[in-house]
Amino acid sequence: MKRSRKFLALLMALCLLAGLTAVPVAAEETSADIAQLEKALADARNDLATKNELLTNIKEEVGREKEEKGRELETAQNNLKNAEKAVEDAGENATDDQKNEVIKFSGEVESIKKAMQALDKKVTDAENAVEAAEEDVKLKEKALEDAKKEPEPPVPPEPEVCEHGKDPDTCEICHPELKKCPHGKDPKTCPTCNPPATDKAPDRPTNSDFTVSPGSVNIGTVEKGATGSSLSSTFRITNNSKYAMNIKADTCSKFSIDLTSKTLSAGESITVTVSLKSAGSTGSFNDRFTITASFTEGAGDSYSTDVYVSATVTEKGNTITVSPTSKDLGKLAEGYTEKEAKEKEITVEITNKGASSVRMYGVKGNDHFTVTAVDDENIRLDYDDDCEYKIVPKKDLKVGTYTDTIVFQTREGATASFKATIVVEKAVDPLTLNVSSLDFGNAEMGYAGLNTQTVTVKNNTDSPLNLEQPSSYNYEIGSVSRTLSAGGTATFTVRPRTGLAANVYNDSLTIRAGNYSTRLDLRFTVTPKLLLAVFADVAEGSTFAADISYVSQKGLMGGVGNGQFKPQNPITRGQLVTILYRLEGQPAVSGSGFTDVKAGSYCEKAVKWAAACGITNGNKDGTFLPDNPISREQMATFLYRYNNYKGYSTTRRADLSTFPDAASVAPYAKDALSWANGSGLVNGTGEGKLNPSGGATRGQAAAILHRFCVSIGK
């Protein structure tokens, strides 16, 4: 035995020596590996440089193509807008060609948008290729760094010892034949080493004189609501002493035991049943019983030991849960970046709460969110195992609120739902005003100082800004606070200067703070002093006196004879287009008119001009009805079309739904009335209604024309 162990020791020493002599060869192999890694790293860096250069070229190329596509898109959108307007103006008389134009330009717009999206994807693919190349370089740098590290020196083997901590060749416990008697005799026959046996029992029982096996009882996993034997398990108590033994057990809250007290004779064993009291709720349950043994003979000592009991109650069948079950991810600004979306990322945890194992099998319902498994997306989960998923808002969501019910699935059909919400807000400019424009209305020359209006400017950035004092030649601007705190506001006042000459003062006031600016449009009209025209039926200071004086001095409207204006008489369709014709300067006209407009009549040229300019389309039967009283919605439509013909702005619109009779407005007149009401030309009646089909008087027409001329048509 000793020779063999010495031989093994010698063999190990020779192996160690052989390992040391092999170091130079290993060093040569390591050098070759390092050279190979250095070449691979150089190749990876060259690949990264190539992909970076390609990305730069693609961005330049895509930039040029997107700029060209942007121009094409703008043209197609304008064509579509014009085609839609043509169909709208024609109403029921719209031709198939006009409708096909709308379809054609709609297709062009969508096609250009898809082409621009493809260009964006081209850039994204190139960026992803660069990111992959960068990651490849990092991995090869790490591999080269690890290869250059010095190897750890070999650890010499520990000296061999037996389980008793001694030399295995000389241990007397391992080799009883080596044991020597301390009395100089044969250890097998020495009476001192081997005293004669006796039948006398120990004087005192010990804790080892009773055993409980096993010391812990696991009932196992049961389904919720289970009853009967599935909730039970057993353990044994044995009396190992030569004395009678009394045993008893205490109680616990979750488990019951069929043992209160019992006496065991010497060497006797009993089986004890322990049960889970109820499987009414899921979870892991753990408790313990204390078993106490006392001996009726000997010293009468008592000893105790604990039996630990556990059980797990799961949901029935295949069940998974998700935590949390819902989450509001907050808000993103329109046009947000991938990094900003990533900052909204949340993690949810899927847990198997069923008795059987399950395998994850993807998600559904994630229309506006990207869901990614942290580990294997097909991971297997046993009871109480869990896995995690990352949830991030998708890129390029438009303004709105998005709520998805994301359903996590398993191959076995178990599901768990999670509700995710994200709000995309309209992008806010760094510097904003509470109003975009101020209209100070009209005033006659010689007006007194006008009231000021207050404007609030807000800093929407995260840093303080220095606000510059705005100025204007035609308007008085109040002083502003120079420091605009992050998220803070400041106010200033505006009013027209006193003493301005007759004119329309459209100013654009620029408000600057730091590197940002915004604009406030200002409008004010000064009219010349009017000399009241003398009409016998228009009293000075009456409701339409100033308006009638204005239109009569401008040559737009005259009296009806005998020195009278007849302000309460209805105005006709022929009279209104004649007024607009005069406002335009009565240009030469040609072409055919309408069948019911007589040649040489007062409105013949005006009606021909209005038809040629698209101000009137007449009726379906080819008539114009020049002597019919004009309705309020017809008057608004004529003015709206004339306004468009002149190229004036039509951005001011009113919400007609605030009027109780808004539904009675004819479809062709809705945009026109919205513009006329928003521009202050056609207001509601005394009863708060639009009264679109009601007539208009000559006095009302004078007022509307007066407002149009001084505030819109100059």
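The values are calculated or read from the model by the stated rules, or taken from the named source; none is laboratory data. Source: prediction; values computed, not measured. FYI the Cβ positions are ideal-geometry reconstructions off the backbone, even for glycines, and counts take in every protein chain you see. These accessible areas exclude ligands, DNA and RNA; they are computed on the full protein's heavy atoms, side chains included. Shrake-Rupley method; radii C 1.70, N 1.55, O 1.52, S 1.80 Å.
For this structure, a couple of remarks:
Residue-wise test of (1) under 30 Å from GLU338 (Cβ atoms); (2) open to solvent by 80 Å² or more (accessible area, probe 1.4 Å); (3) in contact with a Pro (Cβ under 6 Å, 6 or more places away or on another chain); (4) in a helix (DSSP H, G or I).
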{"residue": "GLU88", "(1), (2), (3), (4)": "no, yes, no, yes"}
{"residue": "LYS121", "(1), (2), (3), (4)": "yes, yes, no, yes"}
{"residue": "ALA133", "(1), (2), (3), (4)": "yes, no, no, yes"}
{"residue": "LEU139", "(1), (2), (3), (4)": "yes, yes, no, yes"}
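- All of (1) more than 25 Å from TYR602 (Cα to Cα); (2) in contact with a strand residue (DSSP E or B) (Cβ under 8 Å, 6 or more places away or on another chain); (3) of a type outside the set (Ser, Thr, Tyr) hold for LEU681 with one exception: (2).
Matching residues to (1) crowded, with 19+ Cβ neighbours inside 10 Å; (2) among the small types (Gly, Ala, Ser):
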| site | (1), (2) |
| --- | --- |
| ARG519 | no, no |
| GLU540 | no, no |
| SER552 | yes, yes |
| GLY558 | no, yes |
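- Each residue in the range 266-281 was checked for being assigned to a strand (DSSP E or B) and either β-branched (Val, Ile, Thr) or touching a Gly at 6+ places or on another chain (Cβ under 8 Å) (or both), and 5 of them qualify.
- LEU259 vs. criteria open to solvent by less than 50 Å² (accessible area, probe 1.4 Å) and assigned to a strand (DSSP E or B): no
- Against the list (1) buried (at least 16 other Cβ atoms within 10 Å of the Cβ); (2) more than 30 Å from GLU377 (Cα to Cα); (3) aliphatic (A, V, I, L, M), the condition MET445 fails is (1).
- Qualifying residue in the range 616-623 (condition: basic (Lys, Arg) and either open to solvent by less than 70 Å² (accessible area, probe 1.4 Å) or touching a Lys or Arg at 6+ places or on another chain (Cβ under 7 Å) (or both)): no
Matching residues to (1) in contact (Cβ under 8 Å) with a residue 24 or more places away in the chain; (2) outside any helix (DSSP H, G or I); (3) within 30 Å of VAL526 (Cβ to Cβ); (4) not acidic (Asp, Glu):
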site	(1), (2), (3), (4)
THR616	yes, yes, no, yes
LEU625	yes, yes, no, yes
GLN634	yes, no, no, yes
ALA663	no, no, no, yes
ASP671	yes, no, no, no
ALA676	yes, no, yes, yes
LEU690	yes, yes, no, yes
GLN700	yes, no, yes, yes
VAL710	yes, no, yes, yes
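- Pairs are defined by a Cβ separation below 6 Å, a sequence spacing of at least 6 or placement on different chains, a first member in the range 591-608 that is of a type in the set (A, V, I, L, M), and a second member that is assigned to a helix (DSSP H, G or I) and buried (at least 22 other Cβ atoms within 10 Å of the Cβ); the pairs so defined are VAL597/VAL607; ALA606/VAL577; ALA606/THR578; ALA606/TYR581; VAL607/VAL577.
- Cβ-Cβ under 8 Å pairs, at least 6 apart or on other chains, the range 443-472 side in contact (Cβ under 8 Å) with a residue 24 or more places away in the chain, far side open to solvent by 80 Å² or more (accessible area, probe 1.4 Å) and of a type in the set (A, V, I, L, M): ASN460/VAL428
- Filtered residues of the range 418-436 (kept if of a type in the set (Ser, Thr, Tyr) and surrounded by 13 or more Cβ atoms within 10 Å (Cβ to Cβ)): THR421, THR432
- Residue selected from the range 225-247 under the condition under 30 Å from SER281 (Cβ atoms) and assigned to a strand (DSSP E or B), by the criterion most open to solvent (accessible area, probe 1.4 Å): THR234
- Being in a strand (DSSP E or B), touching a Ser or Thr at 6+ places or on another chain (Cβ under 6 Å) and modelled with pLDDT under 85 holds for only one residue in VAL217, VAL222, and it is VAL222.
- Candidate set from the range 90-144 (those that are out of contact with any helix residue (DSSP H, G or I) (no Cβ under 7 Å at 6 or more places or on another chain) and among the small types (Gly, Ala, Ser)); member that is farthest from ALA49 (Cα to Cα): GLY107
- Selection status of GLY585, under 58 Å from the mean Cα position of the chain (by Cα), at positive phi and surrounded by fewer than 19 Cβ atoms within 10 Å (Cβ to Cβ): yes
- Comparison of LYS113, LYS104 shows that the only residue that is open to solvent by 70 Å² or more (accessible area, probe 1.4 Å) and at pLDDT 85 or above is LYS113.
- Test result for ALA42, assigned to a helix (DSSP H, G or I) and closer than 19 Å to ILE112 by Cα: no
- Scanning the range 472-492 for residues that are within 29 Å of GLY441 (Cβ to Cβ), in a strand (DSSP E or B) and either out of contact with any strand residue (DSSP E or B) (no Cβ under 8 Å at 6 or more places or on another chain) or not polar (S, T, N, Q) (or both) turns up TYR475, GLU476, ILE477, ALA490, PHE492.
- Subset tally (residues that are open to solvent by 50 Å² or more (accessible area, probe 1.4 Å), in contact with an Asp or Glu (Cβ under 6 Å, 6 or more places away or on another chain) and modelled with pLDDT of 90 or more) for the range 297-331: 2
- All of (1) in contact with a strand residue (DSSP E or B) (Cβ under 7 Å, 6 or more places away or on another chain); (2) on the phi > 0 side of the Ramachandran plot; (3) of a type in the set (Gly, Ala, Ser) hold for GLY618 with one exception: (1).
- Taking the criterion of being open to solvent by 20 Å² or more (accessible area, probe 1.4 Å), polar (S, T, N, Q) and under 30 Å from the mean Cα position of the chain (by Cα), the residues of the range 457-493 that qualify are ASN460, THR461, SER463, SER485, THR489.
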